[in-house]
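Scroll down for the structure; my scribbles are underneath it.
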Ligand SMILES: [Zn+2]
């Protein structure tokens, strides 16, 4: 594992625990610069397939989910560790379901519920980009309470 600060190759694990069933959270310390960082390492499982809108299947890719969440959290007071937390939460929910395939929309729903608790602006951004509402009224119905809440701040 490479140190993200000085790029040294050797680090030691100072703490390790299962953050979810499928991933291990490790606290590491660089042997060169002694700085500490956290990694989330996945336990390999057979890949889950995501069913896209056109019916095609692609392997589940946590980095794509992470990129989407990062974009929604742009310039928001949300740390990398919090984003990792959301991704892990979503992944845990998927693996807990025990499904081998699931529609991309369902993944979106999992991200929504996780983001809703984390940051309301990020949630609204994510919703406006990724959610396929049946019609615009559904969208307004769902977001209105959240928007009201933002106005009050
Ligand atoms: Zn280092």
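The values are calculated or read from the model by the stated rules, or taken from the named source; none is laboratory data. Keep in mind it's a predicted model, so treat the numbers as computed, not measured. In this analysis, Cβ positions are derived from the backbone assuming ideal geometry, glycine residues included, and neighbour counts consider all displayed protein chains.
Odds and ends about this structure:
- Residue satisfying all of: in segment 69-82; loosely packed, with under 14 Cβ neighbours inside 10 Å and part of a helix (DSSP H, G or I); modelled with the lowest pLDDT among these: 71
- Screening 57, 26, 66 for residues that are surrounded by 15 or more Cβ atoms within 10 Å (Cβ to Cβ) and more than 16 Å from the ligand (Cβ to nearest atom) leaves exactly one candidate, 66.
- Residue match in segment 32-42 (condition: outside any strand (DSSP E or B), modelled with pLDDT under 80 and within 14 Å of residue 92 (Cα to Cα)): no
- Residue 85 vs. criteria farther than 17 Å from residue 129 by Cβ, outside the structural domain of residue 6 (by TED's automatic domain parsing) and assigned to a helix (DSSP H, G or I): yes
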